[in-house]
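Have a look at the structure below before the remarks.
The values are calculated or read from the model by the stated rules, or taken from the named source; none is laboratory data. Treat the numbers as computed from the prediction; the structure is a model and nothing was measured. Glycine also receives a Cβ, built like all others from the backbone with ideal geometry; neighbour counts cover every protein chain displayed. In case anyone asks, the SASA skips ligands and DNA or RNA and just uses the protein heavy atoms, side chains included. Shrake-Rupley method; radii C 1.70, N 1.55, O 1.52, S 1.80 Å.
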Amino acid sequence: MSLDVGTALRSGIDDLTSETGVLVGAVFLLYNLGAVVVNESLTAELFALLYERGVYTEAERAAIESVSGGTPFALGVGLSLTVALVVVVTLLGELVRYWAIRLFAGPDETATASFGDRAVMAVLLGGGVAVTVLVFQSVLPIAGQLGGVATTLVGSIAGPVVGLVLLTVFVYLRQEIALNDGGYGETLRNSFARFMDDPASIIVLLLVLGLFGLVGSLPGFVTGLVGGSSAVGGLPLSVVSRLLSAVLGTVFQTLGIAVVTDAYLQVRTSARESAA
């Protein structure tokens with residue numbers, strides 16, 4: 001077996017608690033706080049469109065906002081500008097991940113010496129896949145409700161499933177971009193090939209990481225139970241919940257990058273030894 005799940009997890013935890021892990025986590029926390037603002041803005045604009053089209057009654061709207069706590073960080077700058085901001089922030093996130101992967105792997109595992117050598121590919125290729133996944137997982141489930149029952153079902157079921165499949169089969173794409181050296185087509189092929197080297201183990205590893213990541217959703221779950229109108233320390237529970245989710249999400253996001261990077265290095269080494 002080319003991938004040892006236990007080794008990848010142990011290595012990821014060690015990286016998370018190292019100086020590099022703390023640095024990466026701090027940068028991701030700043031990024032994630034900005035992402036909360038633009039993502040909530042997008043959610044608010046899409047739901048506003050649903051309300052305008054009469055998809056929900058006023059009573060249903062009030063119930064949704066009561067349970068979720070609304071979107072306290074939404075900018076309210078209109079759908080077009082919000083979409084542009086979401087794209088920019090998503091692409092910026094790919095640069096942050098690209099930088100983090102190179103740090104976790106170290107210079108000995110990096111095929112190119114300069115950060116800028118593959119940064120454009122990280123934005124264009126990695127960002128293209130990231131935006132596509134965002135559309136399937138976050139936009140279609142909401143936007144699909146504009147077309148009636150059929151499109152609602154397609155958006156809420158097919159959208160997340162397609163997004164999950166893309167995330168899984170291209171799980172190593174960011175590592176391939178950051179740590180290898182090749183053209184766009186070769187990078188995509190290599191990324192998929194590394195996944196196919198040991199798909200069962202990486203799927204198990206992703207499931208484990210997914211279970212860890214559920215901890216980040218607990219604040220939102222609590223908000224749904226007690227209602228978003230409650231307050232903690234004078235702050236609305238919805239605000240506290242979003243901030244706490246961003247902090248917890250950062251920890252598990254950083255862990256995930258470290259773990260998958262180690263997994264990629266394992267399967268890449270195994271593939272090279274097999275080809276020798």
Have a look at VAL83, VAL171, VAL259 and tell me which one the Gaussian network model of the chain (Cα, springs below 10 Å) gives the largest fluctuation. VAL83
Per residue of region 185-192, what does 6.51 cos²θ - 1.76 cosθ + 1.60 with θ = phi - 60° give for ³J(HN,Hα)? Whole Hz please, x for Gly and Pro, Karplus curve as stated. x, 4, 5, 4, 5, 5, 4, 5
Quick check: at a probe of 1.4 Å, how many percent of the accessible area of region 1-62 sits on carbon and sulfur atoms? 59 percent
Please give the helix 5-16 orientation as an angle from the longest Cα principal axis of the chain, in degrees from 0 to 90, rounded to the nearest 10. 70 degrees
Per-residue HN-Hα couplings for region 119-124 [Karplus 6.51, -1.76, 1.60; θ = phi - 60°; Hz; x = Gly/Pro]: 5, 5, 5, 4, 6, 6
Under 20 Å from a label point 7 Å along Cα→Cβ of ASP108: give me every residue in region 1-26 with its amide N that close. 3-4, 7-21
Give, in nm to one decimal, the length gained when the segment between PHE221 and ALA158 is fully stretched (0.36 nm per residue of separation minus the Cα-Cα distance). 20.3 nm
For volume of the Cα convex hull per residue in Å³, one of (1) 159; (2) 169; (3) 141 was computed from the structure I shared and the rest are decoys. Which label? (3)
Within region 1-89, report the trypsin sites (Lys or Arg not before Pro) that DSSP leaves as loop and that have at most 13 other Cβ atoms within 10 Å. ARG53
With everything on Cα atoms, drop me the angle between helix 237-275 and the longest principal axis of the chain, reported from 0 to 90° to the nearest 10. 20 degrees
Relative contact order for region 29-119, counting Cα pairs under 8 Å that sit 6 or more residues apart, in percent: 36 percent
Search the structure for amide H atoms under 5 Å from the amide H of THR112, placed 1.01 Å from N in the peptide plane, and list their residues when 5 or more places away or on another chain. none
The chain, helix-only ellipticity at 222 nm - DSSP H runs n ≥ 4, -39,500 (n - 2.57), divided by all residues, nearest 500: -23500 deg cm²/dmol
Which residue, GLY213, GLY155, GLY76, has the most motion in a Gaussian network model of the chain that connects Cα atoms within less than 10 Å? GLY76
Within region 111-131, which residues have the backbone N less than 18 Å from the label spot 7 Å out from TYR184 along Cα→beta-carbon, could you tell me? 117-131
Per residue, what accessible area does region 17-175 have, given a 1.4 Å probe and all protein chains present, in Å²? 49 Å²
J(HN,Hα) series, region 32-48, from Karplus relation 6.51 cos²θ - 1.76 cosθ + 1.60, nearest Hz, glycine and proline x: 5, 5, x, 5, 4, 5, 6, 5, 5, 4, 5, 4, 4, 5, 5, 5, 4
Build a GNM of the chain with springs between Cα atoms under 10 Å: which of GLY54, GLY220, GLY256 gets the top mean-square fluctuation? GLY54
Roughly how far apart, in whole Å, are the Cα centres of region 110-127 and region 29-61? 33 Å
